[in-house]
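Structure first, then comments.
The values are calculated or read from the model by the stated rules, or taken from the named source; none is laboratory data. Note that the coordinates shown come from a computational prediction; the quantities given were computed from them, not determined experimentally. So basically every Cβ, Gly included, is an ideal-geometry build from the backbone, and we count neighbours across all protein chains shown.
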Amino acid sequence: MTLVVNGSRHEVECDPDTPLLYVLRNDLGLVGAKFGCGLGLCGACNVLVDGHPVHSCDTPVWSVEGKEVTTVEGLVTDGRPHRLQETFAEQQALQCGYCTAGMLVTCAALLEREPGVEEAGIRRALDGNLCRCGAHNRIVRAVLDARTNES
Amino acid sequence: MTPTPTTPTPTTPTPTPSLEANPRLGQWMTIEPDGRVVVRSGKVELGQGVLTALAQIVAEELDVDPARVVMVATGTDGSPDESYTAGSLSVQHSGSALRAVCAQVRVLHLAEAAAGWGVTPDALEVVDGTITAPDGRRTSYWEQVRVLSLDREVAPGARAKRPGAYQVVGRSMPRLDLPDKVAGRPRFIHDLRPAGMLHGRVVRPPSRGAILASVDEAAARRVPGVVAVVRDGSFLGVVAEREENVLRALAALRSGCVWKEEDSLPVERDLAGFLVSAPTQETVLSDTGATAGSPGGSRSVRARFFRPFLAHASLAPSCGLAVWEGDRLAVWSHSQGVYRLRASISRSIGLDPEQVVVQHVEGAGCYGHNAADDAAFDAVLLARAVPGRPVQVVWTREDELSWGPLGPAMVVDIEADLDEAGRVQRWVHDVWSNGHASRPGPPSSPLLAATQVEAAETAMPAGDPPLQNGGGSGRNAIPLYDFPRQLVRTHRLTTMPLRTSALRALGAHLNVYAIESVVDQLAVLAGVDPVEYRLRLLTDERARAVLCAAAERAGWGSGDRGPDVGLGIGLARYKNRGAWCAVVAEVEAEASVRVRRLTVAVDVGLVVNPDGVVNQIEGGALQALSWTTKEQVRFDTRTVTSRTWEDYPILTFSEVPPVDVVLLDRPEYPSLGAGEASIGPTAAAVGNALFAATGLRVRTLPLTPANVVAAMD
């Protein structure tokens, strides 16, 4: 199968029903997206498919053939981090950081879709992304900052 | 209780337990010729930012740029043994040790330079590791490494800096691990991909104590790339080349199993009744004459509080990695105590500890004794079947929520006898709970798989740490308030239907909730404002200070907040000897309990990293809010049934209120841990705010609509 991930084409040999997450982590060496639950309930595995956040843990790899997959590693353009990666650092918007990659791609898609999104909208968009450490408010501040600086 | 006297930080480092156990300078650090300072701590990164705080302490005492400091992850092949990273003691123990080590290393380097130049050390200046004499001659720590060995005993006497002179400590230095994590670079144990790595999974029994009668392995072995099926007694696992295939094989193996099962768990609906009627061991934590004589009051307040079992519910399932090379074993784990894990593994597997190396690698957030150690041992057992090849085991989400150690369910009874004027004459606090400590490491509890193999080890019911270490069931059961006669007892269950162990704050969660609820009730009975009532009972100045700071910041006593809205306050000093923390919660209660704001005031003594402390306090408050309003491990008579995020929901972004943290900086006092201080006070504040909003004292956690309705008279 041929996959386009972060702008690069990759040939992978595996069962087409293999969850995208395992192909990314085990075949392509892109370990940014994380396994959290395997049921699409926590958001740790989120990646973008044609710009939309999806749970890569329960998305079979056949379904993304011919589409653009973007992982947290692909948020960097020309060596420059995404504005959200900068604001997450500025706000120290994590504790353990296991949920961070999923948060970043979800928010990147949100800001593309809705550049002026308000706080309540950010929280709603992140309700499918769980954080156990309690870094929520920092994450929301980081997204608000990224928004302000982009507009 | 009598306020514990506190003394200002001595500038001469005092011995710490960490230094006593690891007394050679070279165990703690190496200065490299290339200008790096390589630091080995026995404390591990759990997502709490401890490595950053420790690096700040090192940079401060040595006078080097923090960028030179390289924090090495703890491993049994060279790190100091500092036991567990637990109890909010890392900055206290490892920080004190490193401060003393660095102060001495600095003195040694200055003495070396001074002797060579014929000047006194006092005349020298150090800037970023470069030593300069008054006449301009220069050398540096890195130039001196060839002549100055750190292979020597730690000696007392080197003066550490005065806090007033701090440049690096006290600043919000960014987290060292953050750049990797926002870039998605490999950082977690789950991300390790050593050459030839295989994927392993374990079939956990369908119920507690189930015996594997037989298994048909044929279907599992037919899955492509399956390398081994491992069965030892009731321990069953599979190893495969690819992760998706090991999961298929796991499912196939599971459906090929025949188990012998029986009921072994109490009835969930009557869990409180079970706790107070099960066999227990009683310990009196405090008795100041409350048992003697008559009850001695004209009226009494009695109340029973309950919390269910709680899950750690970390975002990542536990993970372990192991490889056997001949009779040597290498293990990677996100354990809180790599030396204890090594002891446990080597004993169960029949190796000398010297044949086993356990290396710490970061996992997701760790809030106590989770399944990290168990997953490591799973990997050891599976890797034994494929010598020379590393095996990574990742638990399923379902196993993580149901088979990991749980925070114990608890009952607290409080009885307060009052005189005519409403003053407390006698205070009795009883706790029923399973023990809060069953960490691995001889002679305590075996790792999970060790209880399932053919030569099974028996799991003893969890114990409780002694009160001088903060206690377990009885943590924070002794009130901060000056009650004249008090009796505080724990009743630790000597039977353990569900495995329990340390979860953040241990018993402090419910003990503080209960004490603060009753104190609040007494304030209402006395017709006194709850903050004012507490102040009348408090002589501990630092407790009074956080109470007043939280109340003031929250606008306590001012303004109308509207119908169904109330403010509540909670206060505790963690372990009665750690950080002071007070929380004000603003709660709106209509169909459900909604917390609109939390205001937290905290005193952790000398603050090493202000933003790090705020992050920990805020995180603790939000986790406590999640436990207190939402969380409950569900079970039937055979096993835990809350196995996904749908059955075990935690706080979501839309439910998270703003958290305002006031940090009372006390540089003149020793640093105290921040990770657990806000748990009890937050829970208590929410419960008391719910009362203020509704007039209901809800004493059964979590504060779900059902439990609120059940509390109506």
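Residues being within 11 Å of B:E112 (Cα to Cα) and either loosely packed, with under 13 Cβ neighbours inside 10 Å or without any contact (Cβ under 8 Å) to a residue 60 or more places away in the chain (or both): count how many of those fall in region B:125-142.
Result for region B:125-142: 2.
Of the residues B:G225, B:G209, B:G164, only one is within 14 Å of chain A (Cβ to nearest Cβ) and touching a residue at least 12 places away in the same chain (Cβ under 8 Å); which?
B:G225
So A:V12 fits all but one of (1) without any contact (Cβ under 8 Å) to a residue 60 or more places away in the chain; (2) within 7 Å of another protein chain (Cβ to nearest Cβ); what number is the exception?
(2)
Would you point out the residue of region B:387-419, among those that are under 21 Å from B:L447 (Cα atoms) and in contact with a Phe, Trp or Tyr (Cβ under 6 Å, 6 or more places away or on another chain), that is surrounded by the most Cβ atoms within 10 Å (Cβ to Cβ)? Talk me through it step by step, then tell me what you get.
Taking region B:387-419 and keeping what is under 21 Å from B:L447 (Cα atoms), we get B:390-408.
With the extra rule that they be in contact with a Phe, Trp or Tyr (Cβ under 6 Å, 6 or more places away or on another chain), the set shrinks to B:401, B:406.
Values: B:L401: 27, B:L406: 24.
My answer is B:L401.
For region B:47-97, what are the residues that are hydrophobic (A, V, I, L, M, F, W, C) and under 20 Å from the mean Cα position of the chain (by Cα)?
Once the filter is applied, which keeps residues that are hydrophobic (A, V, I, L, M, F, W, C) and under 20 Å from the mean Cα position of the chain (by Cα), region B:47-97 yields B:V50, B:L51, B:A53, B:L54, B:A73, B:A86, B:L89, B:V91.
Do we find a residue being more than 9 Å from every other protein chain (Cβ to nearest Cβ), in a loop (DSSP other than H, G, I, E, B) and at pLDDT 95 or above anywhere in region A:88-107?
yes
Can you spot a residue in region B:642-651 that is surrounded by 17 or more Cβ atoms within 10 Å (Cβ to Cβ), assigned to a loop (DSSP other than H, G, I, E, B), more than 21 Å from the chain's Cα centre (by Cα) and of a type in the set (G, A, S)?
yes
When you look at B:L351, is it surrounded by fewer than 24 Cβ atoms within 10 Å (Cβ to Cβ) and assigned by TED's automatic domain parsing to the domain that holds B:L493, yes or no?
It is false that B:L351 is surrounded by fewer than 24 Cβ atoms within 10 Å (Cβ to Cβ) and assigned by TED's automatic domain parsing to the domain that holds B:L493.
Has region A:120-128 got at least one residue that is buried (at least 24 other Cβ atoms within 10 Å of the Cβ), touching a Leu at 6+ places or on another chain (Cβ under 6 Å), outside the structural domain of A:C37 (by TED's automatic domain parsing) and of a type outside the set (K, R)?
no
When residues of region B:302-323 are filtered for being over 24 Å from A:A44 (Cβ atoms) and either modelled with pLDDT under 95 or out of contact with any strand residue (DSSP E or B) (no Cβ under 8 Å at 6 or more places or on another chain) (or both), how many remain?
Number of matching residues: 1.
Which residues, taken from region A:49-87, are within 14 Å of chain B (Cβ to nearest Cβ) and among the β-branched types (V, I, T)?
Matches in region A:49-87: A:T59, A:V61, A:V69, A:T70, A:T71, A:V72, A:V76, A:T77, A:T87.
Taking A:L39 and the conditions (1) facing another protein chain (nearest Cβ under 10 Å); (2) surrounded by fewer than 18 Cβ atoms within 10 Å (Cβ to Cβ); (3) part of a helix (DSSP H, G or I), which numbered condition does it fall short on, given that it satisfies the others?
(3)
Looking at (1) in a strand (DSSP E or B); (2) acidic (D, E); (3) within 23 Å of the chain's Cα centre (by Cα), can you tell me which one B:E618 breaks?
(1)
Provide a single number: the residues in region B:332-348 that are crowded, with 24+ Cβ neighbours inside 10 Å and more than 14 Å from chain A (Cβ to nearest Cβ).
Residues flagged as crowded, with 24+ Cβ neighbours inside 10 Å and more than 14 Å from chain A (Cβ to nearest Cβ) within region B:332-348 amount to 9.
Can you tell me which residue within region B:584-616, out of those that are within 11 Å of chain A (Cβ to nearest Cβ) and buried (at least 24 other Cβ atoms within 10 Å of the Cβ), is nearest to B:L571 (Cα to Cα)?
B:L598
Of all the helices (runs of 4 or more DSSP H) wholly in region B:132-232, which have at least 2 residues that are under 29 Å from the mean Cα position of the chain (by Cα) and not assigned by TED's automatic domain parsing to the domain that holds B:V37? Before you say what the answer is, go through the steps one by one.
Details: elements: B:141-144, B:178-183, B:218-222.
Helices (runs of 4 or more DSSP H) meeting the threshold: B:178-183.
Quick one: in region B:182-206, of everything that is within 14 Å of chain A (Cβ to nearest Cβ) and of a type in the set (A, V, I, L, M), which residue is surrounded by the fewest Cβ atoms within 10 Å (Cβ to Cβ)?
Residue satisfying both the conditions and the ranking: B:A195.
Six or more apart or on different chains, Cβ atoms under 7 Å: show the pairs whose first residue is in region B:649-665 and within 7 Å of chain A (Cβ to nearest Cβ) and under 17 Å from B:A585 (Cα atoms) and whose second is surrounded by 19 or more Cβ atoms within 10 Å (Cβ to Cβ) and hydrophobic (A, V, I, L, M, F, W, C).
B:V656/B:L622; B:V659/B:L598; B:V659/B:V600; B:V659/B:A621; B:V659/B:L622
Name the one entry in B:V39, B:V58, B:V69 that is in contact with a Leu (Cβ under 6 Å, 6 or more places away or on another chain) and farther than 24 Å from B:D373 by Cα. Lay out the reasoning, then the answer.
On the way: B:V39 fails: in contact with a Leu (Cβ under 6 Å, 6 or more places away or on another chain); B:V69 fails: in contact with a Leu (Cβ under 6 Å, 6 or more places away or on another chain).
So the residue among B:V39, B:V58, B:V69 that is in contact with a Leu (Cβ under 6 Å, 6 or more places away or on another chain) and farther than 24 Å from B:D373 by Cα is B:V58.
What tally of residues in region B:555-572 results from selecting those that are farther than 20 Å from B:E676 by Cβ and touching a residue at least 60 places away in the same chain (Cβ under 8 Å)?
5
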